[in-house]
Amino acid sequence: MRALTGVLALVICLTTFASSERARAADELVVQPVIGGNPMRCYDYRGAVVRTLRTSELGDVGRASIIARMPIISLDTDRLATLPAKMQVFFYMHECAHHVLGHVIRPTLESEREADCWAIDYGRWAGLFTRADIEGFAPHFASSRGSKYGHLPGPERQAYLLKCFDEPRTEGTQAAFSR
Ligand SMILES: [Zn+2]
């Protein structure tokens with residue numbers, strides 16, 4: 001009965017979501033978006049599929065969030081279009097990492113760096129990134145100042161990404177960062 005109650009609650013939430021002003025957005029939630037020419041998938045820390053919403057005026061390239069219990073990656077189509085294909089993949093994987101690592105429900109000061117390294121690790125493992133791909137991010141990070149939420153200033157972030165690539169994690173991102 002408990003399980004049934006849970007299902008009912010989810011159905012009610014989804015119904016509320018569908019009937020709200022976000023109904024149009026719900027229609028545009030994609031399970032397998034094509035990012036930089038690659039069909040991508042993301043599953044969160046519970047194994048739930050993360051859907052992607054292409055939007056505009058997001059204020060950032062991407063954002064990870066939970067809307068009506070649905071894990072979502074929002075991507076700013078205009079900002080994304082200014083970036084090379086591999087960097088588009090990187091930003092998608094970075095937002096995916098926030099879902100994989102549970103940052104969407106429990107963010108920490110390390111979240112941004114952890115998501116960066118997870119994205120690079122995964123991309124390297126999946127054969128999506130070469131070292132030259134990561135080196136190619138430099139011009140795009142050069143003028144970025146970072147943020148008080150933990151994004152490193154651009155040149156430092158670039159160096160950190162290369163470090164993540166060169167030293168695949170075995171003991172966690174924080175340990176890798178302090179070496
Ligand atoms: Zn982030």
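The values are calculated or read from the model by the stated rules, or taken from the named source; none is laboratory data. Source: prediction; values computed, not measured. Surface areas here come from the heavy atoms of the whole protein model, side chains and all, with no ligands, DNA or RNA. Shrake-Rupley method; radii C 1.70, N 1.55, O 1.52, S 1.80 Å.
Quick notes on this structure:
- The range 29-178, relative contact order in percent, only Cα pairs under 8 angstrom and at least six apart counted: 17 percent
- Whole-percent P(r), the range 29-178, all Cα pairs, 10 Å bins from 0: 11, 45, 38, 6.
- The residues of the range 29-178 have, on average, 49 Å² of accessible surface per residue, using a 1.4 Å probe with all protein chains present.
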